[in-house]
Ligand code: CP
Ligand code: NVA
């Protein structure tokens, strides 16, 4: 399925379950070869002589470190262009930037604000474009989450990727944002059940629900929505959250602290709601204390640092598959 991937990776919603699975399996291979078998770089140097432009109009730790180091591993050159370097969409149109930059490089990895910015870049780029986060999607994050879930539950069940993923219950307790949208775009089609809890002021947009419902039906999974965190974690194998204040929403912080009252993930919440005995906690990071207690965040149930490391292996797999094409 790796050879059938679309040119770009804007959202996992554009990929089939088989294509998503092929990337996750490729990431697991890279992790084994590199981390456990000591392969320092890709022997074929698939990005040799190639430059990947990294257009970041927002800050990043994990995504930047994972991508720059992956490009080095693949034998290519990473060109980081931060918001002060090219002022994406400020000094000239995105269309013009896409045309100019893609005429000189072999791939674009871009972190932008509005979803239209990433689609405009892709539309006018002559080289593959991978989304490093926009307000609607974060595909490389959810690839890492799927690898992490496979590792954790596969360790317990010893199964192939989809055998492990199918039927797991994922509870989202948090904002209506890019992370849960991307989860809804990927997890139901992989056969995972989702219980999504956001404050009523922050509903999940209808088109996202409709897509998720269709995907879930086709994969015999379920997706449900509510505004009660206790009800949402019932039977959960995995409890996931994210910051209540995403990048660009800083001015809304005080209001959001009020709106998300009662949404902090805690041992007490999981117990009250009857999460499954072996539930785990996930978070894309960076984390703020209000959305999850230290007791959960630093507990054995928390796989957040494994999840963060898996950004590396999944970005490596995605770049190898998408940027090394001739
Ligand atoms: N999870 C994530 O994308 O982290 P960064 O913002 O640090 O890249
Ligand atoms: N929802 C967060 C994710 C950061 C990786 C944000 O958009 O800032």
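Readers should treat all values here as calculations from the given coordinates under stated rules, not as data from a laboratory. All values reported here derive from a predicted model rather than from experimental measurement. We place every Cβ from the backbone using ideal geometry, glycine too, and count neighbours over all the protein chains shown.
Ranked highest first by the average count of other Cβ atoms within 10 Å around their residues, in what order do 216-228, 100-112 fall? Intermediate values should be presented prior to the final figure.
Numbers: 216-228: 15.8, 100-112: 20.6.
Going by the mean number of other Cβ atoms within 10 Å, highest first, we get 100-112, 216-228.
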Inter-part distance where region 1-45 and region 211-284 are each reduced to a Cα centre, Å: 28
Span from the region 161-183 Cα centroid across to the region 58-113 one, whole angstrom: 28
Return the single residue from 235, 89, 38 with maximal mean-square fluctuation; model: Gaussian network over the chain, springs between Cα atoms under 10 Å. 38
Hydrodynamic radius of the chain per Kirkwood, over alpha carbon pairs, in Å: 20.0
For the chain, take the longest principal axis of its alpha carbons; what is the angle in degrees between that and the long axis of helix 304-323, to the nearest 10 within 0 to 90? 40
If you count, for each residue, the other Cβ atoms within 10 Å and average over each peptide, how do 309-319, 158-168, 24-34 line up from highest to lowest? 309-319, 24-34, 158-168
With the cut-off at 1.5 for a/c, could you classify region 192-300 from its C-alpha gyration tensor as rounded, prolate or oblate? oblate
Below 8 Å, C-alpha to C-alpha, sequence gap of six or more: please give me the relative contact order for region 187-240 in percent. 47
Length gained if residue 96 through residue 2 is fully extended, taking 0.36 nm per residue and subtracting the Cα-Cα distance, is 30.8 nm
Relative contact order, percent, of region 120-262 when contacts are C-alpha pairs under 8 Å separated by at least 6 residues? 23
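Please list 133-145, 294-306, 248-260, 66-78 highest first by mean number of surrounding beta-carbon atoms within 10 Å per residue.
Working: 133-145: 25.7, 294-306: 15.2, 248-260: 13.2, 66-78: 20.6.
Going from most to least packed, we get 133-145, 66-78, 294-306, 248-260.
Calculate the FRET efficiency for residue 104 and residue 252 from the Cβ-Cβ distance with a Förster distance of 51 Å, rounded to the nearest 0.05.
Working: r = 38 Å, r/R0 = 0.75.
My answer for the efficiency is 0.85.
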Nearest 10, in degrees from 0 to 90: the angle of helix 206-218 to the longest Cα principal axis of the chain is 80
Take every Cα pair under 8 Å in the chain that's 6+ residues apart, average their separations, divide by the length, and report that relative contact order as a whole percent. 20
Figure the gain on full extension for residue 209 and residue 72 (residue separation times 0.36 nm, minus the Cα-Cα span) and round it to one decimal in nm. 45.5 nm
